[in-house]
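Here is the structure we will look at, set down as structure tokens.
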Amino acid sequence: MARPRTVTRNMRYFKVLRFRQLRAFCEVARQLSFTKAAETLGLAAPSLWQQVRALEQELGTELIVSEGQTLLLTDDGRLLREIASPIVESFDSVRDLFADRREQTLRRLRVATTGSLLANELPLIVQAYREQHPDVRLSFVERPSREALALLDTGDADIAIAGLLAESAVSPMIETHPCGTYPFVLICPTDHALARRRRVTLNDILDQPLVMPGPSTNSRALMDRVLREAGTDRSLNIVIESFNVSTIVRYVEVELGVAVVSISPALRKQLQAPHRKPELCVRDLSALFGSESLVIAQRRGRLLLPHADAFRRMVLDVLKPGR
């Protein structure tokens, strides 16, 4: 027996409504603001609030709570975001892919990455990509690794290329693909005492003035963790901080201090090139500090447009060992 037309229409209505509720919830969960999420979705804030509350009633649980002026996800809210966001991202990608195939949209690609990668690993990739995709408006945002991944998580970048430490917490909204491993090294002048020492210890490093990456970088987070695990109360003697590896190297060259950073094979080759002046010593410190994993990341569930996927594959082809 055929279902009455009114029942079928109501079922369709509720399916659409539920998806809108999921999209509304995911946007509020992303921005932790009803006002900002409403602006993004082109809705009135009260309407958005009603959709999220209706979803809570249907699931029988609180998803978002407020503490003063701050919105917070509950445990169930975090769980639903992890489950629903890839579905919403995938659905929204269909519209973008359709418009791209019909050539109805401007092709853009926003990449968040570090200054070191921009200066050393990416120039040749970017040059080759622009030759193959001259119609793509390619832009880069230079940030430390953790901030680059955060831009991806908030939707302010399409792809991120960044470093991860073994204990790094990555948003469940982000999917990562490994590109290589960069060991932590000591950089100092070749005539420095640490360049001649048979074995470099943590105390040897703490005795030195340090030229260090900024406080929001993986290198600084790792140094702080190693100090905690060593149980030492000694502080770092930091004489200069910079987010630019070239600046760090420059101040090591003028003997302001020594540096502990993770560097790529390309940069290490440059620093140890024959006849380079002034000469620098680069010593592997992975026994003390481990390594940083390089990843290329995208939002989980989002289907990359062809021109974005082409860039991702070029990065993997060039940077991933063994490819």
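Before moving on, here are some points about what is shown:
- In a fully extended conformation the segment linking Glu255 and Ala287 would gain 9.0 nm over its present Cα-Cα distance, using 0.36 nm per residue.
- For the chain, the convex hull drawn through the C-alpha positions has a volume of 198 cubic angstrom per residue.
- On full extension, the segment bounded by Ser66 and Thr190 gains 39.0 nm, given 0.36 nm per residue less the C-alpha separation.
- Of the residues Val126, Val185, Val28, the one with the fewest other Cβ atoms within 10 Å heads the list, and the complete ranking is Val126, Val185, Val28.
- Cα pair distances of the stretch 175-228 binned at 10 Å [whole percent]: 17, 46, 29, 7, 1
- A Förster distance of 30 Å, applied to the separation of the beta-carbon atoms of Leu32 and Ala230, puts the FRET efficiency at 0.25.
- Neighbour-limited loop hits for GluC sites (Glu not before Pro), the stretch 233-301 (at most 16 other Cβ within 10 Å; DSSP other than H, G, I, E, B): Glu255, Glu279
- Overall dimensions of the stretch 130-254, expressed as equivalent-ellipsoid semi-axes from the Cα gyration tensor (√(5λ), whole Å, largest first), are 32, 19, 13.
- Among the trypsin sites (Lys or Arg not before Pro) in the stretch 84-157, those located in a DSSP loop and surrounded by at most 12 other Cβ atoms within 10 Å of their own Cβ are Arg102.
- Of the Cα atoms belonging to the stretch 182-290, the radius of gyration and Dmax stand at 13.0, 42 Å.
- Using the Cβ-Cβ distance between Gln272 and Asp92 with R0 = 41 Å, the FRET efficiency computed as 1/(1 + (r/R0)^6) comes to roughly 0.30.
- Close amide-amide hydrogen proximity is noted between Arg107 and Arg137, each under 5 Å apart and 5 or more residues distant or on a separate chain (H modeled in the peptide plane; Pro and chain starts excluded).
- GluC sites (Glu not before Pro) within the stretch 110-207: DSSP coil, no more than 10 neighbouring Cβ in 10 Å: Glu167
- Using R0 = 22 Å, the C-beta based FRET efficiency linking Ala44 and Thr154 works out to 0.45.
- Counting every other Cβ atom within 10 Å of each residue's Cβ, Leu305, Leu72 order from fewest to most as Leu72, Leu305.
- Karplus (6.51, -1.76, 1.60) ³J(HN,Hα), θ = phi - 60°, over the stretch 141-152, in Hz, Gly and Pro reported as x: 10, 8, 8, x, 3, 5, 6, 5, 5, 5, 4, 5
- For the stretch 115-260, relative contact order (Cα pairs under 8 Å, six or more residues apart, normalised by length) works out to 26 percent.
- Cα lying deepest toward the dipole's positive end in the chain, options Pro134, Tyr251, Val318, charges on Cβ: Pro134
- Applying the Karplus relation 6.51 cos²θ - 1.76 cosθ + 1.60 with θ = phi - 60° to the stretch 63-68 yields 3J(HN,Hα) values of 10, 10, 10, 10, 10, x Hz, where x marks Gly and Pro.
Values quoted throughout were computed directly from the atomic coordinates according to the rules given, and no laboratory measurement underlies them. Source: prediction; values computed, not measured. Cβ coordinates were reconstructed from backbone atoms using ideal geometry, including for glycine residues, and neighbour counts include every protein chain displayed.
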